[in-house]
1. Measure nothing fancy, just the Cα-based angle from helix 125-141's long axis to the longest principal axis of the chain, in degrees from 0 to 90, nearest 10.
2. Mind listing the phi-derived Karplus ³J(HN,Hα) values for segment 34-45, rounded to whole Hz, using 6.51, -1.76 and 1.60 with θ = phi - 60°, and x for any glycine or proline?
3. For the chain, what is the accessible area per residue in Å² when the probe is 1.4 Å?
4. Tell me, what ³J(HN,Hα) does each residue in segment 166-171 have, in order and in whole Hz, if you take phi through Karplus 6.51 cos²θ - 1.76 cosθ + 1.60 with θ = phi - 60° and put x for Gly and Pro?
5. State which stretch of the chain is the longest one without any exposed GluC sites (Glu not before Pro), exposure meaning a DSSP loop state and at most 10 other Cβ atoms within 10 Å.
6. Roughly speaking, to the nearest percent, how much of segment 100-223's 1.4 Å accessible area is carbon and sulfur?
7. Would you calculate, for the chain, the mean residue ellipticity at 222 nm contributed by helices, counting each DSSP H stretch of 4 or more residues as -39,500 (n - 2.57) and dividing by all residues, to the nearest 500?
8. Would you mind working out the magnitude of the charge dipole of the chain relative to its Cα centre, with +1 at each Lys and Arg C-beta and -1 at each Asp and Glu C-beta, to the nearest 20 Debye?
Amino acid sequence: MTSRESPGRTASPAPLDRLGDLEARRAISLAALVASNLLPIVGVLAWDWDVGSLVVLYWSENLVIGAYTLVKMLVASPVGGLFSGAFFLVHYGGFCAVHGIFVLSLAVGMDDLQILEEDPWPLWLVFVQLLVDVVRQTIAIAPPEWLFAFAALAVSHGVSLVLNYFRGGEFRDSSVRDLMTAPYKRIVVLHIAIIAGGFGVAALGSPWPLLLLLLVALKLGLDVWLHRREHRPAPAK
């Protein structure tokens, strides 16, 4: 004897718990973010990193965010994202380049910077050339373990891109304009605090590792706050 289905129920399995799935994705991406931000602690305690190494690493994270932003823009609007992406590449690239020169002065000093020593690229492409020179200089002075920390940051943001933007469906509510301005907002909030703290630590001469660890903690705390703010659930319609 077969039992009858109770009113209002179907024989199909229960649907996926969308809220739980969302929380799981956010938790995984947040865990990847925290893990990548813990590597600089090893750099300070085991690899004798100084404030310049930390601040240059945090600056290089902007390059990762810029690259993933270009991907998001092309997904949100393949045609409009192509033209806006070209503008973003020049504008954001020049912005990061000037920012990078300022940051590199903490690591090697202004007198040792080798920027725009070749013939300038035409028109606005000179800003891209400036960024290429800053990146080249950064790689030249970076120890191998520093590159591992940079790779960890790239993987962390890649995890967030896949879990939140693609699988989480954030691309459906994304506009090219909002995507293009988001990295600047992050730089203003995060790097003003980081740069100010970095110059404060550098002014002390030979700072204690504790001060560098406090700088790492400051960056981690701001990153977690920005992550939660960026990937908070959209208001119900």
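1. Tilt of helix 125-141: around 80 degrees.
2. Once θ is set to phi - 60°, the couplings for segment 34-45 become 5, 4, 5, 7, 7, 4, x, 4, 4, x, 6, 7 Hz.
3. Spelled out: the 1.4 Å probe surface of the chain, per residue, equals 58 Å².
4. My calculation for segment 166-171 gives 8, 5, x, x, 5, 5 Hz in order.
5. 119-237
6. Taking all protein chains in place, segment 100-223 shows 68 percent carbon and sulfur surface.
7. -25000 deg cm²/dmol
8. 1380 debye
The values are calculated or read from the model by the stated rules, or taken from the named source; none is laboratory data. These numbers come from a predicted model, not from an experiment. Cβ sites come from the backbone with ideal geometry, for glycine too, and all protein chains shown count toward neighbours. Just the protein is used for accessible areas: all its heavy atoms, side chains included, with ligands, DNA and RNA removed. Shrake-Rupley method; radii C 1.70, N 1.55, O 1.52, S 1.80 Å.
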